[in-house]
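Working notes, structure below.
Nothing in this text is a laboratory measurement; each read-out follows from the coordinates by a stated rule. Computed from a predicted structure; not experimentally measured. All Cβ positions, glycine included, derive from the backbone under ideal geometry; neighbour counts span all protein chains shown.
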Amino acid sequence: MLLDLGRHAAFIWLSYAAALMLVVGLIAWVELDRRRQRRLLAELEARGVRRRSEKHGARPAADRRKA
Amino acid sequence: MLKLANPTRFMEYSGPLLRWLSVGAAVLFAVGLYMVFVTSPEDYQQGQTVKIMYIHVPAAWLAMMGYSMIAISSIGSLVWRHPLADVSAKAAAPIGAAFTALALITGSLWGKPMWGTYWQWDARMTSVLVLLFLYLGLIAIWNAIEEQSRAGRAAAILGLVGFVNVPIIKFSVDWWNTLHQGSSVMRLDGPTIHPDLLWPLLVMAVAFTLLFLALHLAAMRNEILRRRVESLRMNEVASAASGAAEVAE
């Protein structure tokens, strides 16, 4: 029968729960970090801070990249 | 490849690749989980606990693959001093550590009903635990040393030295008498698993691999952004200092 995992079902479910927690945790880690770095970069650029390579007429990074 | 080996180019090309990897992983996880929970049979010895293998085996493979990626990046970092090599090694460490922990946790959860114990100090399990400590050591180095180039060199040395543990993990079941069973998929004479169990395992393994690569790419992109932020902050401080010096004159 579907999802009748027998007498060791608890071990199987715990394993899949651990995997789910790991996947969700890693995705949340990279996504939250991405948002934080984008926010910090936008704040610096809003204050007029530029990379050395952008000071002589090059477009700022915010214009070149996609959100 | 040379065009890609530049942080700005990398940010441009890795965005679409990241989306494709994410979609591929999601589709393969859906197919793989359907095969695992609906179509795949019980194992004649393990019963339904064989389903734990569909997580445990890919996690263990990726734990070793992650460290191998770090070792290759470490060569790029030490020999060519390439900034993307540092970024790659730093981004891979937490992901590799998480997959190593998953391999250890699921192995323990499989071991209790099958072997009667959560843990044995046998060569395979102990060497994988050492791998987790190596990952944690790399993460500690990156966090402890503020100057990124110095941290990169120290981490690259540990990354290369620690790589000796990867073949030890792989061949531990052949070199020593272990409780852990020998290889049944990656063998010179071909897999010894029945195709009904092998196919779900391979689909889950590819799904986890695409997920690992997507996470690695995303973490690399974040690391590049973090270095840009640091660079801009330094420029801001330098501009403020030169402005103050001009006023003083």
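Data table
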item	result
When the convex hull of its Cα atoms is projected in every direction, mean area for chain B (nm²)	16.8 nm²
Nearby aspartates and glutamates by direct alpha-carbon distance to B:LYS170 (threshold 20 angstrom, same-chain neighbours under 8 apart not counted)	B:ASP122, B:ASP189
Cα-based reach from B:LYS51 at 20 Å (exclusive), listing aspartates and glutamates while leaving out same-chain residues under 8 positions away	A:ASP4, B:GLU42, B:ASP43, B:ASP196
Dipole of the protein assembly as shown [Lys/Arg +1, Asp/Glu -1 at C-beta], most positive-end residue of B:VAL23, B:VAL229, B:TYR135	B:VAL229
Hydrodynamic radius (Kirkwood) for the stretch B:23-95, which is based on Cα pairs only, to one decimal in Å	14.8 Å
Ascending count of other beta-carbon atoms within 10 Å, so fewest first, for B:PHE163, B:PHE10, B:PHE171	B:PHE171, B:PHE163, B:PHE10
Debye log10 I(q)/I(0) for the protein assembly as shown, one point scatterer per Cα, at q = 0.08 Å⁻¹	-0.44
Relative exposure of B:MET65, B:MET204, B:MET234, judged by other C-beta atoms within 10 Å (fewest first)	B:MET234, B:MET65, B:MET204
Likely footprinting exposure, B:MET220, B:MET35, fewest C-beta neighbours within 10 Å first	B:MET35, B:MET220
Pairs of Cα atoms farther than 16 Å apart, the stretch B:38-152, %	64 percent
Rg and Dmax [Cα atoms of the stretch B:114-179; Å; Rg one decimal, Dmax integer]	15.2, 48
Cβ neighbours within 10 Å from other chains - mean over A:13-25	6
Expected-Rg normalisation [2.2 N^0.38 Å, Cα atoms] applied to the stretch B:135-249	1.78
